[in-house]
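**Q** Input: one structure, supplied below.
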Amino acid sequence: MRSSWADSVAAAETAAAGSTANNSSAGNNSARTRSTYVPPHLRNRAPSSDPPAPVYSSSTSGTDGSGYGAPAGGNRWGGPRNDYNNRSGYSSGGRGGGWNNRTGGWDRGREQEVNPFAGIENAVEEVGEQENSGINFDAYEDIPVETSGDNVPPAVNTFAEIDLGEALNQNIRRCKYVKPTPVQRHAIPISLGGRDLMACAQTGSGKTAAFCFPIISGIMKDQAAQRRPRGRVAFPLALILSPTRELSMQIHEEARKFAYQTGVKVVVAYGGAPINQQLRELERGVDILVATPGRLVDLLERARVSLEMIKYLALDEADRMLDMGFEPQIRKIVEQMDMPPPGVRQTMLFSATFPKEIQRLASDFLASYIFLAVGRVGSSTDLIVQRVEFVHESDKRSHLMDLLHAQKANGVHGKQALTLVFVETKKGADSLEHWLCMNGFPATTIHGDRTQQEREYALRSFKSGNTPILVATDVAARGLDIPHVAHVVNFDLPNDIDDYVHRIGRTGRAGKSGLATAFFNENNASLARPAS
DNA sequence: AAAAAAT
């Protein structure tokens, strides 16, 4: 039996207390050198005390609009951040002109930063005021949060309280983040303070921003991050590991938004995609590398990536990675290559649960860490309406059909009523998808037997509402943040209650309400009562 | 028993 969240909290408090007690001052040195809180009345001014960090010096006069063609007054690029521009592989000089000119001389590939805000979410029409931000902030009030450890930095209530820099603040506005989510309120000050962090929280709670903001801000402020020669070996400053390719892609997309026009370069590497393109991307320079463990080990063995310069390490969905048997790869990456040890680098470990194996990982990877547990947002108990229906195996398809027809009849537009159907097997996914299509319901499927290209296409097609039904195996169960999933159907029940919770967590995201239906029959007897 | 992940 897995430990519950409450157990995790309890267990972790002892663990965290024990691990921090003997090592209270280590790892704090970097914290002192970072700049800190700026009171509200001093914000949006040039921080005169810190001339060498000019990123923060100008808030551009123009409203930035699309991000392109905006730097009229500011010229963030040409000016003060030359060190950075050079380092990340942009040619220096003529910056402003080149930037505004999309067909300019050097816009092949990604040499030009693509505006990440022209994203897929625009494909789905926004409804109503509340949805514009994508997050229902009211749902975040009264989320239980626990922290433990030595000298926990106080939480913040607004982004403005945190000195993230103007470029990052602008991206936060572009993302329409109004105020920090609970995990952000606590985790960002902890990370900005240079402390290691063990956090129990789910994706969709704002976790990605919680670890990206401090990393990006830290890289921007780091005077020591001088330009390095570009070459065959890439030297990322930050590494983000995640269990599945799609989750890595998603983190990469988000991180690119947060890093837009900061000069911080984010690159993603995962399997199933041609490695050459990823190698080229790495050669152009990388600050933050987002990767799945297998592909990263490959890159390390080819000596195309060195972890020598790593200052920030984030492990996302750590429990999932262990479940999937990645512990050897992860230990190899973190402990047996050239990555700086705990205390020298800064490490953030995120996990939905906190069982023994994760506790061990935490004590091995983290130094003097702070434990943070954030209650679930849109948890199974409040925002997701759950139904369990007894359906014989042979009736499942027609029953699903009834549900889909009812949904249609309720006048939900195809575009917004995305339905995610979980099945047990890859074969089952294929055949159900086929059957749905045959019966007039545009569906697609995602599972581990499909090529990466097919998987990515399926996800895009689903998100855009093109095929508003996605049949999935557990590859999609955790972490994926798909907006507008109105209904999760557990066509086949998962074997494990944790998986169930994660699956239905695909709906009711970001504080919106959702519906979850599970088909239950005699085959699932083992789930009906705790089988221990 | 199944799923995921490097080729």
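The values are calculated or read from the model by the stated rules, or taken from the named source; none is laboratory data. Bear in mind that the values here come from a model prediction, so they are computed numbers and not experimental data. Methodologically, a virtual Cβ is constructed for each residue, glycine included, from the backbone with ideal geometry; neighbour enumeration extends over all protein chains shown. For accessibility, only protein heavy atoms count, side chains too; no ligands or nucleic acids. Shrake-Rupley method; radii C 1.70, N 1.55, O 1.52, S 1.80 Å.
**Q** Using +1 on the beta carbon of Lys and Arg, -1 on that of Asp and Glu, and nothing else charged, what's the dipole of segment A:384-528 about the Cα centre, debye to 20?
**A** That gives a dipole near 660 debye.
**Q** Taking 0.36 nm per residue of separation and subtracting the Cα-Cα distance, what length does fully extending A:GLU327 through A:ASN276 add? Kindly include the intermediate steps, with their values, before the conclusion.
**A** Details: separation 51, 0.36 × 51 = 18.36 nm, distance 2.63 nm.
Between A:GLU327 and A:ASN276, full extension yields 15.7 nm more.
**Q** Could you list which residues have their amide H under 5 Å from that of A:VAL421, counting only those 5 or more apart in sequence or on another chain, with H placed in the peptide plane?
**A** A:LEU470, A:VAL471, A:ALA472, A:VAL489
**Q** Between A:GLU335 and A:GLN453, what is the spin-label point distance in nm, taking each point 7 Å from the Cα along the Cα→C-beta axis?
**A** Between A:GLU335 and A:GLN453, the simple spin-label model gives 4.0 nm.
**Q** Indicate the gyration tensor shape class of segment A:316-361 (rounded, prolate or oblate), computed on the Cα atoms with a ≥ b ≥ c the square roots of the eigenvalues: a/c under 1.5 is rounded; otherwise a/b larger than b/c is prolate and the rest oblate. List each step's numbers first, then the result.
**A** Working: a/c = 2.29, a/b = 1.45, b/c = 1.58.
Oblate shape, in that a/c is at least 1.5 and b/c is the bigger or equal ratio.
**Q** Write down the accessible area per residue of segment A:384-528 in Å², having rolled a 1.4 Å probe over the full set of protein chains. Can you show the working numbers first?
**A** Numbers: 6040 Å² over 145 residues.
In whole numbers, segment A:384-528 has 42 Å² accessible per residue.
**Q** How long is the gain from A:LYS179 to A:ASN466 if the chain were fully straight, where each residue apart is worth 0.36 nm and the alpha carbon distance is subtracted?
**A** Details: separation 287, 0.36 × 287 = 103.32 nm, distance 3.20 nm.
Gain on extension, A:LYS179 to A:ASN466, equals 100.1 nm.
**Q** For each pair in A:LYS221/A:LYS332; A:LYS207/A:LYS356; A:LYS265/A:LYS311; A:LYS221/A:LYS265, compute the distance between the two Cα atoms and list the pairs where it is over 20 Å. Write out the running numbers ahead of the final one.
**A** On the way: A:LYS221/A:LYS332 30 Å; A:LYS207/A:LYS356 22 Å; A:LYS265/A:LYS311 15 Å; A:LYS221/A:LYS265 14 Å.
Going by Cα-Cα distance, A:LYS221/A:LYS332; A:LYS207/A:LYS356 fall outside the 20 Å limit.
**Q** Moving on to the next point. So what are the ³J(HN,Hα) numbers for segment A:256-267, from phi and the Karplus equation (6.51, -1.76, 1.60; θ = phi - 60°), rounded to whole Hz, Gly and Pro as x?
**A** 5, 5, 5, 9, 3, 6, 9, x, 7, 9, 10, 10
**Q** Once you sort the root eigenvalues of the Cα gyration tensor of segment A:384-528 as a ≥ b ≥ c, which label holds: rounded (a/c under 1.5), prolate (a/b larger than b/c) or oblate (the other case)?
**A** On the way: a/c = 1.20, a/b = 1.16, b/c = 1.04.
Rounded is the answer for segment A:384-528, as its axis ratio a/c remains below 1.5.
**Q** Take the alpha carbon atoms of segment A:305-350, find their center, do the same for segment A:386-465, and report the distance between the two centers in whole angstrom.
**A** After rounding, the separation between the Cα centres reads 36 Å.
**Q** Same structure again: What net charge is computed for the residues neighbouring A:ASP395, neighbours being all others with C-beta under 13 Å from the C-beta of A:ASP395, Lys and Arg scored +1, Asp and Glu -1? It would help to have the intermediate numbers written out before the result.
**A** On the way: positive: A:LYS396, A:ARG397; negative: A:GLU389, A:GLU393, A:ASP402, A:GLU522.
Taking every other residue near A:ASP395 into account, the sum is -2.
**Q** Between A:VAL145 and A:VAL233, what is the label-point separation in nm under the 7 Å Cα-to-beta-carbon projection?
**A** Taking the two extended label points, one gets 4.1 nm.
**Q** For segment A:384-528, give the percent of accessible area contributed by carbon and sulfur heavy atoms, probe 1.4 Å, rounded to a whole number. Numbers along the way, then the final one.
**A** Working: 3210 of 6040 Å².
Looking at segment A:384-528 in its full context, I get 53 percent from C and S.
**Q** Assuming a ≥ b ≥ c are the square roots of the Cα gyration tensor eigenvalues, decide whether segment A:168-317 counts as rounded (a/c under 1.5), prolate (otherwise, with a/b larger than b/c) or oblate.
**A** On the way: a/c = 1.73, a/b = 1.42, b/c = 1.21.
It comes out prolate by the Cα gyration axes.
**Q** Amide H neighbours of A:VAL290 under 5 Å, counting only residues 5+ apart in sequence or on other chains, H built in-plane at 1.01 Å?
**A** Here the answer is A:ILE240, A:VAL267, A:VAL268, A:ALA269, since their amide H atoms fall under 5 Å of that of A:VAL290.
**Q** In segment A:271-372, which trypsin sites (Lys or Arg not before Pro) are in a loop and have at most 14 other Cβ atoms within 10 Å, using DSSP for the loop call?
**A** On the way: sites: A:ARG280, A:ARG284, A:ARG295, A:ARG302, A:ARG304, A:LYS311, A:ARG320, A:ARG331, A:LYS332, A:ARG345, A:LYS356, A:ARG360; in loops: A:ARG284, A:ARG302, A:ARG304, A:LYS311.
Qualifying residues, ordered by number: A:ARG302.
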